[in-house]
Amino acid sequence: MSDTLVVNEIYLSLQGESTFAGLPCIFIRLTACDLRCSYCDTAYAFTEGKGQSLAQVLAEVHKLAAPFAKSEAQTAAPRLPILELTGGEPLLQKNSLPLMRAFCDDGFTVLLETSGAHDITPVDPRVRRIMDLKCPGSGEAARNRWANLAHLKRTDEIKFVITSQEDYEWARQRIAEHRLDALCPLLFSWAHPLAPGQHSQSLKAAPAGQRPISRQELAEKIIGDALPVRFQVQLHKVIWAPEQRGV
């Protein structure tokens, strides 16, 4: 059907990353991705999923959000829960665009997690786009769509997933080269090692000779180099088991 999306999962949890970390969030994880980053922890979303109409997705999200509508805390901004489309790669499915628009029309704060390999200009301007710039350690740095930088707004965010000393230096150089801190908030996300059950044979291998970086080393480098970035870890992996789904 023309209004169908292939959905991997929809669930309510806490936002684990971005400048919205810690807030209640409904995640809509869509199926399929055309990248195979070395550290990907959601390889199950490459193929697992079922078709749902836009109306079904909207109804499920409103059901999960309903308890928050009764809370006195709704006088605060942003309205809770916030929403995030993630994947996989949501922009591979064209019906992700009207879905995000519908959620914006309903007054939700909508986040989009995207790999940075696809054109972000069709996305509703009210959506807060969290766009990766893939570092060499991902194995997918050649897929970065640099033209997207010209379309970022202050409400968007750029995320670098850092796996190694070399990734850190690459990201530091790109920030200086493109003056990225003048565009929007920048996130340095430490790449949490994959649990045994998260490994997929389809993932790219990291380049040979890269030197791993610890959380502490990454934090200390950011401080020592006075980088204008936000250090982040994936909060959901601190709260729950790193391989647990639906959190």
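The values are calculated or read from the model by the stated rules, or taken from the named source; none is laboratory data. Keep in mind the model is a prediction, meaning the values are calculated, not measured. Methodologically, a virtual Cβ is constructed for each residue, glycine included, from the backbone with ideal geometry; neighbour enumeration extends over all protein chains shown. Protein only, heavy atoms only, side chains kept; ligands, DNA and RNA dropped before computing areas. Shrake-Rupley method; radii C 1.70, N 1.55, O 1.52, S 1.80 Å.
Couple of notes before you dig in:
- Between helix 96-105 and the chain: long-axis angle, C-alpha atoms, 0 to 90°, nearest 10: 60
- Evaluated at q = 0.08, 0.11, 0.16, 0.17 Å⁻¹, a Debye calculation over the C-alpha positions of the chain (equal weights, vacuum) places log10 I(q)/I(0) at -0.29, -0.57, -1.26, -1.42.
- On a per residue basis, the chain carries 46 Å² of accessible surface, using protein heavy atoms and a 1.4 Å probe.
- With every protein chain in place, segment 115-174: carbon and sulfur % of accessible area (1.4 Å): 50
- Between H62 and Q234, the FRET efficiency from the beta-carbon distance, with R0 = 25 Å, is close to 0.40.
- Considering only Q173, P78, I28, the residue lying farthest towards the positive end of the dipole of the chain is P78, judged by Cα position with unit charges set on Cβ.
- Label-zone membership for segment 114-135, site A147, 7 angstrom Cα→C-beta point, backbone N under 20 Å: 114-125, 129-134
- Principal axis analysis of the Cα atoms in segment 93-195 yields extents of 43, 35, 21 Å, listed in decreasing size.
- Pairs spanning more than 22 Å between alpha-carbon atoms, out of K134/K221; K94/K237; K50/K204; K50/K153; K50/K134: K94/K237; K50/K204; K50/K153; K50/K134.
- In the elastic network of the chain, a GNM with C-alpha springs shorter than 10 Å, the most mobile of Q210, Q201, Q173 is Q201.
- Among beta bridges that DSSP assigns inside the chain, antiparallel share in %, nearest 5: 35
- Each 10 Å bin, from zero up to the one with the longest distance, holds this percent of the alpha carbon pairs of segment 163-247: 14, 41, 34, 11.
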